[in-house]
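First the structure, in the form of C-alpha cells, and then the observations on it.
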Amino acid sequence: MRPILMKGHERPLTFLKYNREGDLLFSCAKDHNPTVWFADNGERLGTYRGHNGAVWCCDVSRDSMRLITGSADQTAKLWDVQTGTQLYSFNFDSPARAVDFSVGDKLAVITTDPFMESPSAIHVKRIARDPSDQTGESVLILKGPQGRINRAVWGPLNETIISAGEDAVIRIWDSETGKLLKESDREIGHKKTITSLTKSSDGSHFLTGSLDRSAKLWDIRTLTLIKTYVTERPVNAVTMSPLLDHVVLGGGQDASAVTTTDHRAGKFEAKFYDKILQEEIGGVKGHFGPINALAFNPDGKSFSSGGEDGYVRLHHFDPDYFNIKI
C-alpha cells in the first residue's frame, strides 16, 4: 500500500472531509486556503480563496454543490464547490471552529470560540437554496460549555446537536428548543480535551478522540459508552471504516513538545483498532509530525491522513486488508 503524497498546503492540516460519493476530498489547514482534490489519484482540483486565517473545519453538502468552512478569521463561509466562488460569509465576534450541514442541507451548525468577554457558542443557521436569499441570522444560539467547542454535529433526523470540546464533556442538545438533553458521565467520559468526533456511516453511534490518550465509542441517542480504545499518545483525529469494524486513531505529542522528537523519523502513525475487541491491529506510518486529521472514503477502500507536516497522505488499501483475521 503505497501512499499518494498530496502537497498543497503551506501549513499544518486541520481537517479532512470526503464528499458523499467519495470522489472528492476536501482539506483544511492553517494556511488560509481550503483545497479540493481528486480522491482516487490525489490530483489537486483547486482552492477556495477568501479566508484570512487558519481554516479549522469544513463540510460538503450531500449533492457536492456547496462547501462550508469555519475559520480563525471569525467567519464561516459558503462556497460553490465547482467554481470556487464565495457565496456567503457568516460573520462572528470570535473564531469559527466547527461546521456541519444537517441532513437535507437546509441548516448548518457552527461553533465559535470563547474570545475576550464572550463565551463559546453553538449557532444554527438556515441555509438558503438560492445563495442570493442567504441571511446571517441564527435560528438558535446555544451557550454553556466551558472553553472551545471543537466539534458539533447533527444527531439523527436533525433532532439533536452533539457537541464536545475542551471541557471534555459530550452534550446532546435539542436542536428545536436548545434544551440540554444529556451530558456524558464524568466518571466514564474523557478526562481531557476532546479533539475530534466522527459519526458512523449509519449515524447510530459516534467516536470521540481526546488528549487523554483514548478514543471512545458512544450511542448517539442514549449517550451510552460502548467501547474505549487506549493508545499511548494524545489523540488528535479519529475515523471509522464504513465497511469493516475498524477504528483509526491519529495523534502525536502536543505541538509544544514537537521539538523534542526526531523529526526525520516519519514515526507518526495512524493506528487501526478492532472496533469490537478494542485491540490494536496495525498502523500506517509516514507523517513527520503529529496527525491532525483523518477521514475514511465512504466506500471504505481508502483513507487519508493530514499532518502537522503539511502533507495529506492518501492510502488505497491492498486487497489483503479486507481479509484481516484476528
Review point. For labels at Leu244 and Glu176 in the simple 7 Å Cα→Cβ model, what's the distance in nm?
Key: 4.2 nm
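Given the Cα atoms of the chain, and with Rh set as the inverse mean 1/r over their pairs in the Kirkwood sense, what is Rg to Rh to two decimals? Kindly include the intermediate steps, with their values, before the conclusion.
Working: Rg = 18.3 Å, Rh = 19.6 Å.
Using only Cα positions, Rg/Rh for the chain is 0.94.
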Check your understanding: Relative contact order for region 187-253: what is it in percent, counting Cα pairs under 8 Å that are at least 6 residues apart?
Key -> 27 percent
Point to revise | Net dipole in debye of region 117-263 [+1 Lys, Arg Cβ; -1 Asp, Glu Cβ; about Cα centre; nearest 20] | key: 120 debye
Practice item. Show which lysines lie in cross-link reach of Lys106 when reach means a straight Cα distance below 16 angstrom and same-chain residues fewer than eight apart are skipped. Key: Lys77, Lys125
Review point. Of Ile122, Ile188, which has the most accessible area and how do the rest follow, probe 1.4 Å?
Key: Ile188, Ile122
Check your understanding: Assigning unit charges at the beta carbon (Lys, Arg +1; Asp, Glu -1) and nothing else, what dipole magnitude in debye, to the nearest 20, does region 22-69 show about its Cα centre?
Key -> 220 debye
Check your understanding: Under 5 Å between amide H atoms, partner at least 5 residues away or on a different chain: which partners does His205 have, H built in plane at 1.01 Å?
Key -> Ser200, Ile220
Check your understanding: With charges only on Cβ, +1 for K and R and -1 for D and E, what is the dipole size of the chain about its Cα centre, in debye, rounded to 20?
Key -> 240 debye
**Study point:** Relative contact order computed over region 1-153 (Cα-Cα under 8 Å; 6+ residues apart), in percent
**Key:** 14 percent
Review point. For region 95-200, what's the relative contact order in percent, using C-alpha pairs closer than 8 Å and at least 6 residues apart?
Key: 20 percent
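Summing Lys, Arg as +1 and Asp, Glu as -1, what charge do residues with Cβ under 15 Å from the Cβ of Pro156 carry, Pro156 excluded?
Once all neighbours under 15 Å are counted, the net charge is -3.
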Practice item. Measure up Lys17/Lys325; Lys17/Lys216; Lys7/Lys325; Lys199/Lys275 against 25 Å on the Cα-Cα distance and list the ones that go over. Key: Lys17/Lys325; Lys7/Lys325
Study note, to complete from the structure: Here, Ser64 and Asp130, labelled 7 Å along Cα→Cβ, have an inter-label distance in nm of 2.7 nm
Revision key, fill the gap. Here, Arg186 and Asn52, labelled 7 Å along Cα→Cβ, have an inter-label distance in nm of 4.1 nm
Study note, to complete from the structure: For region 241-247, Karplus-derived ³J(HN,Hα) couplings (6.51, -1.76, 1.60; θ = phi - 60°; whole Hz; x for glycine and proline) come out as 6, x, 10, 10, 7, 10, 10
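The values are calculated or read from the model by the stated rules, or taken from the named source; none is laboratory data. Keep in mind it's a predicted model, so treat the numbers as computed, not measured. Quick reminder, even Gly has a Cβ in these numbers, built from the backbone with ideal geometry, and neighbours come from all protein chains shown. SASA here: full protein model, heavy atoms, side chains in, ligands and nucleic acids out. Shrake-Rupley method; radii C 1.70, N 1.55, O 1.52, S 1.80 Å.
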